[in-house]
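Worksheet for the structure shown next.
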Amino acid sequence: MNTATVAQGHEMPAPVSFAQAFWFWLKLGFISFGGPAGQIALMHTELVERRRWISEKRFLHALNYCMLLPGPEAQQLATYIGWLMHRTRGGIVAGVLFVLPSLLILIGLSWVYVAFGSQPVVAGVFFGLKPAVTALVLHAAHRIGTRALKNNYLWAIAGLAFVGIAFWGLPFPVIVLAAAAIGFWGARWAPQVFAVGGGHGAAKANYGPALIDDTTPTPAHARFNKRALLWVAGSGVGLWGAAMLALLALYGWHGAFTQMAWFFTKAALLTFGGAYAVLPYVVQGAVDHYQWLTPAQMMDGLALGETTPGPLIMVVAFVGFVGAWTHAVLGPDALFLGGAVAAVGVTFFTFLPSFVFILAGGPFIESTHGNLKLTAPLTAITAAVVGVVANLALFFAYHVLWRSGFQGPFDYVSAAIACAAAVSLFYFKHGVMAVLAACAAAGWLLAYAAPTLIQLH
């Protein structure tokens, strides 16, 4: 690299207008594949390394807060950065555009699934995608781990979290609280372990000055204000209440739309750790309790969620669409309309709390910038999430490779596809979409050439 290039790389970036940010967030909504880890890595590449809109230290500070919240951390991170740069409208635009393309695509794919899912071409594609999903989740655990686990102590926290959820069956909130306690006391006993931005990742990175740099003062709109806090919280509760009252008036408490709204509100508020942690709760409620869809349909929905841009928790749109379609909530002559309305509705109730958390809590988090006593628990929680994600990879592997349980046969074909996907991701570093396309093509070919091998039903 020549001297001129280095000098140019260290110049202060030009100010970013709201219109420029709008088009970036729209583009991000269409290219944010790879689950939370891939999306966060993509935002880091674009916003920290390439465009230098925000420094790595401020980026990780915001990420740690989003990791603590219930809901999709990647979407919340986009909302946080959009809000920090362009006030409330910037946060809303960034958060909405992060999920809107995924919602529209999933409505279309869900329709194809329920209308043509029994066709060999569609069934074969899903057979190839399921083992690919297993490799993607494992890759996600690796990527987020290499970014968040800066030293052996944080690796130990991740390992304990894995053991706690995989072998001891600890609920995720318990793991979060334990990690937070470790971070709180660790900040007093070993502050260097939990220093935000410390370790090899940040210490060696030198991307040049950022628009929102380590020492950039907090902008006026991002400073804590009680009146603003009450206004944001009141607006969020008001929107939720108006929507629920409308559903109650139209369909009653036991109506499918009303029950979906209530269930996904609880999912948004009561589950922590992003999409990977909320999925077991969604499966339990949507499959076991409400029976909106079958276990097999839920697995296919997860595969679809991984193949579309946006947060993985957008699988709730699939759940809403399939549940409304199969139960004909608007009648047999309006199956698609009922599914589309349900998909939009559950997306609204799932993501509304995330906007409130960011817009209301952001000013407080900005005030903690550089305060190790408050940031250390978030750093420890981030490490614990890595262990939870690794456990989810094993969960997916079990259901894909032993579809009838350990007492049943091992699926060597799925194992081969999963291994090929893992080698492609880890060794050759191919893009997520290329890997998914190849695995889908492999499943499609097997469906025609050797249907008995993949045991299509």
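The values are calculated or read from the model by the stated rules, or taken from the named source; none is laboratory data. None of these values were measured; they are calculated from a predicted model. Note that each Cβ is placed from the backbone with ideal geometry, even for glycine, and that neighbours are counted across all protein chains shown. Accessible surface is based on the protein model in full, side chains and every heavy atom, while ligands, DNA and RNA are left aside. Shrake-Rupley method; radii C 1.70, N 1.55, O 1.52, S 1.80 Å.
Key figures
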{"read-out": "Within the stretch 46-200: Cβ-based charge dipole about Cα centre, in debye rounded to nearest 20 (Lys, Arg +1; Asp, Glu -1)", "value": "400 debye"}
{"read-out": "Accessible area of the chain divided out per residue, in Å², using a probe of 1.4 angstrom", "value": "44 Å²"}
{"read-out": "The stretch 378-457: C-alpha gyration tensor shape, a/c 1.5 cut-off, then a/b vs b/c", "value": "oblate"}
{"read-out": "Global form of the stretch 136-186, assessed from the alpha-carbon gyration tensor, a/c cut-off 1.5", "value": "oblate"}
{"read-out": "Of all accessible heavy-atom area on the chain, the percent that carbon and sulfur account for (1.4 Å)", "value": "69 percent"}
{"read-out": "Residue among L211, L248, F318 farthest towards the positive dipole end of the chain, charges placed on Cβ", "value": "L211"}
{"read-out": "The stretch 47-110: relative contact order as a whole-number percent, Cα under 8 Å and 6+ apart", "value": "19 percent"}
{"read-out": "Length-normalised contact order of the chain in % [C-alpha pairs under 8 Å, at least 6 apart]", "value": "32 percent"}
{"read-out": "The stretch 235-261-the stretch 52-70 distance, computed between alpha-carbon centres (Å)", "value": "33 Å"}
{"read-out": "C-alpha long axis of helix 152-166 to longest principal axis of the chain, angle in °", "value": "30 degrees"}
{"read-out": "M299 accessible area, assembled protein chains, probe 1.4 Å, Å²", "value": "40 Å²"}
{"read-out": "Value at 222 nm in deg cm²/dmol, rounded to 500, when DSSP H runs of n ≥ 4 in the chain each add -39,500 (n - 2.57)", "value": "-24500 deg cm²/dmol"}
{"read-out": "Which of H142, H289 is most accessible, then next, and so on - probe 1.4 Å", "value": "H289, H142"}
